[in-house]
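Q: So that we are looking at the same thing, I have put the structure below in structure tokens.
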Amino acid sequence: MGKYLRHPARIVPLGFLGVVLTGTALLLTPAATEGPQSAPFITALFTATSATCITGLAVVDTSGYWSTFGEMTIVVLIQAGGFGIMTMASLLALVVAGRLGLRTRMAAQVESKSLGLGDIRRVVRRVAILSLSVEFTLACILFARLRFGYGYEIDDAVWNGVFHAVSAFNNAGFALYPDSLEGFVTDPVVLLPVAVAVILGGLGTPVLVDVARRLRTPRRWTLHTKLTLLGTAVLLPIGFFAYLVFEWSNAQTLGGLGLGDKLAAAFFSGAMPRSAGLNAIPISDITSETQLVTIILMFIGGGSASTAGGIKLTTFLLLAFVIWTELRGEPDVSIFGRTIAPASQRQALTVALLGVAAVVVGTLALEMTGDFPLNTVIFEAASAFGPVGLSMGITPELSTPGQAVLVVLMFTGRVGTVVVGTALALSTRHRRYSYPVDRPIVG
């Protein structure tokens, strides 16, 4: 049993499962709810899973159903999930490098300078300092805006600022308002700082540290940093323009807003599908075109070793470069002056296809547990796997089996891609022989 638990690819899901079960137990106590009765088991389990896996899907109104103790439990679970996944992802990268030979370890250290090979405490310290700094800054901004702009009482302004700051940076998607942040759709002082925190959380500690250290010499950034920034630079405008163009005349979303408010709301909304789950416009009213773009963005997610989910930007871009290389007839996949190892290409393909399988199976399972339009079910499944937290309004209406399906999807989406990627890297073996090469018909 001890040998089984020492495998890094098994430690992560067990650690997250332990946090989920602990959170479930706390939310089951009478003190966690506003009413006299304890929460049903499935409600507590769903909420604890959504918070720990920093998803944001909810079957009950967070502020109306849970007491202050319950809300504090959710915040702690979000912080543990966000801090844990960033730390674990970074530490697993160190473990992977530690299993290789000295020469390869040295090469890995050169390529991932932000992670080092031995100083684990430094990695954890960086994650903690970065997380708390961004959260504190955003909490102060939100406190000032709520206190002096909306007349909140000091304690309410503080709690709302802290809760939404932790939720935003950790890409959790939980909010203390029944309609998320729709009430602030015309307030860029709230929307834009929240969006920036979400984007920073989606980049990840290794990228932020690497950029900060070599801000004036981008050519020395690691390949991971370059890929993450490239993917972010491409997907953010896509999300922004998709919401701006497809929702421009939609009276239920952006249609009734002025130009400035439309731009701010579109930027905020375009950044959220990367894994955040907060919304400033009603998601159930967005057009079918916007739904499709949102599903794609939720599936791709954000950067590796970040608070974002999905198959990750690196995976998506590696596959895009593989396709581009094949179309051009080149023998090797090269990115920014580096040749990508075939093993990395296979790992990216495996992670992506397993992600597709998870969303497809999840969609089928949800269809079997309820009677909802297919587009809303696909959206819900992609959001849970993301794990993003955006919903077209069917989450509270799901049956108990349907909620259980989402619990599995949320857990798989948050932990699965990291575990699969690490397991593939750790299980790489060298065969002393090879079979004759053949070329089956493709296409």
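The values are calculated or read from the model by the stated rules, or taken from the named source; none is laboratory data. The structure presented is a predicted model; accordingly, all values stated were derived computationally and were not measured. Heads up, the Cβs are rebuilt from the backbone with ideal geometry, glycines too, and the neighbour counts pull from every protein chain shown. In case anyone asks, the SASA skips ligands and DNA or RNA and just uses the protein heavy atoms, side chains included. Shrake-Rupley method; radii C 1.70, N 1.55, O 1.52, S 1.80 Å.
Q: Is it fair to say Ala251 is aliphatic (A, V, I, L, M) and open to solvent by 20 Å² or more (accessible area, probe 1.4 Å)?
A: Spelling it out, Ala251 is indeed aliphatic (A, V, I, L, M) and open to solvent by 20 Å² or more (accessible area, probe 1.4 Å).
Q: Here are some residues: Arg439, Arg431. Which one is more than 26 Å from Gly202 (Cα to Cα), of a type outside the set (A, V, I, L, M, F, W, C), modelled with pLDDT under 70 and surrounded by fewer than 24 Cβ atoms within 10 Å (Cβ to Cβ)?
A: Arg431
Q: Same structure, new question: Condition test on Phe336, is it touching a residue at least 12 places away in the same chain (Cβ under 8 Å) and open to solvent by 90 Å² or more (accessible area, probe 1.4 Å)?
A: yes
Residue-wise test of (1) of a type in the set (Lys, Arg); (2) free of Cβ contacts under 8 Å to residues at least 60 places away in the same chain; (3) in contact with a Phe, Trp or Tyr (Cβ under 9 Å, 6 or more places away or on another chain).
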| residue | (1), (2), (3) |
| --- | --- |
| Pro237 | no, yes, no |
| Phe240 | no, yes, yes |
| Gln252 | no, yes, no |
| Gly256 | no, yes, no |
| Gly260 | no, no, no |
| Arg274 | yes, no, no |
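Q: Now, a different point. Among the candidates Val190, Val134, Val207, Val196, which residue alone is open to solvent by less than 40 Å² (accessible area, probe 1.4 Å) and either closer than 23 Å to Phe299 by Cα or in contact with a Pro (Cβ under 7 Å, 6 or more places away or on another chain) (or both)?
A: Val207
Q: So, one more: What's the number of the only condition in (1) open to solvent by 40 Å² or more (accessible area, probe 1.4 Å); (2) in contact with a Lys or Arg (Cβ under 6 Å, 6 or more places away or on another chain) that Leu223 fails to meet?
A: It is condition (1) that Leu223 fails.
Q: Of the residues in the stretch 275-290, how many are in a helix (DSSP H, G or I) and β-branched (Val, Ile, Thr)?
A: 2
Q: Specify which of the listed residues (Ala264, Ala271) is among the small types (Gly, Ala, Ser), surrounded by fewer than 24 Cβ atoms within 10 Å (Cβ to Cβ) and assigned to a helix (DSSP H, G or I).
A: The unique qualifying residue is Ala264.
Q: Would you be able to say whether some residue in the stretch 393-406 is open to solvent by 10 Å² or more (accessible area, probe 1.4 Å) and more than 19 Å from Thr49 (Cβ to Cβ)?
A: yes
Q: Just to check your reading of the model, which residue among Ile54, Ile11 is within 21 Å of the chain's Cα centre (by Cα) and at pLDDT below 80?
A: Only one candidate passes the filter, namely Ile11.
Q: Of all residues in the stretch 11-38, which are surrounded by 15 or more Cβ atoms within 10 Å (Cβ to Cβ), hydrophobic (A, V, I, L, M, F, W, C) and more than 19 Å from Gly416 (Cα to Cα)?
A: Of everything in the stretch 11-38, those that are surrounded by 15 or more Cβ atoms within 10 Å (Cβ to Cβ), hydrophobic (A, V, I, L, M, F, W, C) and more than 19 Å from Gly416 (Cα to Cα) turn out to be Leu26, Leu27, Leu28, Ala32.
Q: Yes or no: Ile286 open to solvent by 30 Å² or more (accessible area, probe 1.4 Å), over 20 Å from Ser167 (Cα atoms) and at pLDDT 95 or above?
A: Considered against the rule, which asks whether it is open to solvent by 30 Å² or more (accessible area, probe 1.4 Å), over 20 Å from Ser167 (Cα atoms) and at pLDDT 95 or above, Ile286 comes out as no.
Q: Residue by residue through the stretch 39-51, note down the ones that are open to solvent by less than 50 Å² (accessible area, probe 1.4 Å) and not aromatic (Phe, Trp, Tyr).
A: Selection gives Ala39, Ile42, Thr43, Ala44, Leu45, Thr47, Ala48, Thr49, Ser50, Ala51.
Q: When you check Ile238 against the structure, is it closer than 23 Å to Ile378 by Cα, open to solvent by 30 Å² or more (accessible area, probe 1.4 Å) and β-branched (Val, Ile, Thr), yes or no?
A: Yes, satisfied.
Q: Specify which of the listed residues (Ala233, Ala212, Ala168) is farther than 21 Å from Phe316 by Cα and open to solvent by 10 Å² or more (accessible area, probe 1.4 Å).
A: Going through Ala233, Ala212, Ala168 in turn, the sole match is Ala212.
Q: Filter the stretch 291-335 down to the residues that are part of a loop (DSSP other than H, G, I, E, B), closer than 19 Å to Phe385 by Cα and among the β-branched types (Val, Ile, Thr) and list them by number.
A: Thr307, Ile311
Q: For the stretch 101-124, indicate whether the set of residues that are under 16 Å from His164 (Cα atoms), open to solvent by 10 Å² or more (accessible area, probe 1.4 Å) and at pLDDT 55 or above is non-empty.
A: No - not one qualifying residue is present in the stretch 101-124.
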